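Down below is the structure, laid out as structure tokens.
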Amino acid sequence: MLLSETIKYINTALNYPAISYADIAMFFDMAIAELNTTLHTSIPLVKDLVEDFKQKMSKIEGNKMLISGTSAPETIAVAPEEGTTPECYYSTTDKKYYIYNDITSEYRGGFSTIKGIWFDTHGEQHMYQSYNFGEHAIWTEIPMDPIYECDLKDILPDDWILLWLIPYVCFKYTVRDGGTAQTFAEELSQGFQQLQETYDIPEKVRLATYADKYVYKQDVQDKLPYLNVLVPTKGIFENMKHSRNTNAIYGSFYDRGGF
């Protein structure tokens, strides 16, 4: 679940006070800290997840590129003419974008959309995204702060967000504003109890099992090539949900197969 979706749910539960992440950032981190102390885990705080996401978004890789020039970018080349090598272009044939690689002298792509970072004459950083209409493509500036696209599923599944994180944040926010938070307190307590009965969350996990998870990226880099090691638990995932236990059924003395 994206951070933007989580904020939307919180605003709905609180009857639309129009709060932003900055207003409740501390409560997000408090919720994770309580999980870590209760479950003996090492789940990263949301602020660390957001900061790491910012760094990831600023890297020139994948469908992102660095836009050159001293003036703000406007149009994007379409199917480059013979003998020209624009830094990117839009192909009207397959409706995809391609980015030129100076090192390999080849184009990489096709991307359905591309993003570009451009520095103005004052050194200020701007982010642009491609937009095509018909046979033409242009750059449109977008906000530089993409934190609301940060995905919380890197550390928590949706049911933990809905039954624990959101009620926790709503409870703390309501208490801070002097409101009655009894309903959120009950939801918080019941939700946590249900989740504990549904998930088996160890203090440590085998890295080879979770090597594909983003929060274990640094652990994988540090431990390569030996991933069959135990590391602190840094996230709760769906595979930690245990099967439902059913009570045993015994036959009577007169039933076939009974005692």
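We did not get these values from a lab; they are worked out from the coordinates using the rules stated. All of these numbers come straight from a predicted model, not from anything done at the bench. Don't worry about glycine lacking a Cβ; one is built from the backbone with ideal geometry, like all the others, and counts go over all protein chains shown.
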Using modelled backbone amide H atoms (1.01 Å from N, in-plane), which distant-in-sequence or interchain residues come within less than 5 Å of Leu156's amide H?
Ile236
Can you tell me how much longer the chain between Asp158 and Asp23 gets when fully stretched, taken as 0.36 nm per residue apart minus their C-alpha distance, in nm with one decimal?
46.4 nm
Cross-link list Lys172/Lys213; Lys47/Lys115; Lys54/Lys96; Lys54/Lys153; Lys54/Lys217: which exceed 20 angstrom alpha carbon to alpha carbon?
Lys172/Lys213; Lys47/Lys115; Lys54/Lys96
Helix 21-39 against the longest principal axis of the chain: what's the angle in degrees, Cα atoms only, rounded to the nearest 10?
40 degrees
Rounded to the nearest 20 debye, dipole of the chain from Cβ charges on Lys, Arg, Asp, Glu
800 debye
Where does the longest stretch of the chain lie that holds no trypsin sites (Lys or Arg not before Pro) found in a DSSP loop with 10 or fewer other Cβ atoms within 10 Å?
60-243
Tilt, helix 182-198 to longest principal axis of the chain (alpha-carbon atoms), in degrees rounded to tens, equals 80 degrees
With a Förster radius of 51 Å, plug the Cβ-Cβ distance of Glu141 and Thr209 into 1/(1 + (r/R0)^6) and report the FRET value to the nearest 0.05.
0.75
With unit charges on the beta carbons (Lys and Arg positive, Asp and Glu negative) and the dipole taken about the Cα centre of the chain, which residue among Ile201, His126, Val175 sits farthest to the positive side?
Ile201
Between Asp102 and Asp151, what is the spin-label point distance in nm, taking each point 7 Å from the Cα along the Cα→C-beta axis?
3.1 nm
Of all stretches in the chain that avoid GluC sites (Glu not before Pro) placed in a DSSP loop and having at most 14 other Cβ atoms within 10 Å, the longest is 136-202
Measuring from the longest principal axis of the C-alpha atoms of the chain, the long axis of helix 166-176 (C-alpha) lies at a number of degrees, nearest 10, equal to 90 degrees
Sort the range 122-166 into rounded, prolate or oblate with this rule: let a ≥ b ≥ c be the square roots of the eigenvalues of the Cα gyration tensor; rounded if a/c is under 1.5, and if a/c is not under 1.5, prolate when a/b is larger than b/c, oblate otherwise.
oblate
Specify which labelled value, from [x] 137; [y] 174; [z] 257, agrees with volume of the Cα convex hull per residue in Å³ derived from the coordinates of the model shown.
[z]
At 0.36 nm per residue, minus the direct Cα-Cα distance, what do Asn15 and Lys54 gain on full extension? Give it in nm, one decimal, please.
11.1 nm
Amide H contacts of Tyr107 (H built 1.01 Å from N, under 5 Å, at least 5 apart or other chain):
Asn101
Using the charge dipole of the range 60-146 (Lys, Arg: +1 at Cβ; Asp, Glu: -1 at Cβ; taken about the Cα centre), state which of Ala137, Thr113, Pro86 has its Cα farthest towards the positive end.
Thr113
At a Förster distance of 45 Å, what's the computed FRET efficiency of Asn239 paired with Ser71, Cβ-Cβ distance as r, to 0.05?
0.30
Could you check the spin-label model distance between Gln182 and Asp222? Points 7 Å from the Cα along Cα→Cβ, value in nm.
4.7 nm
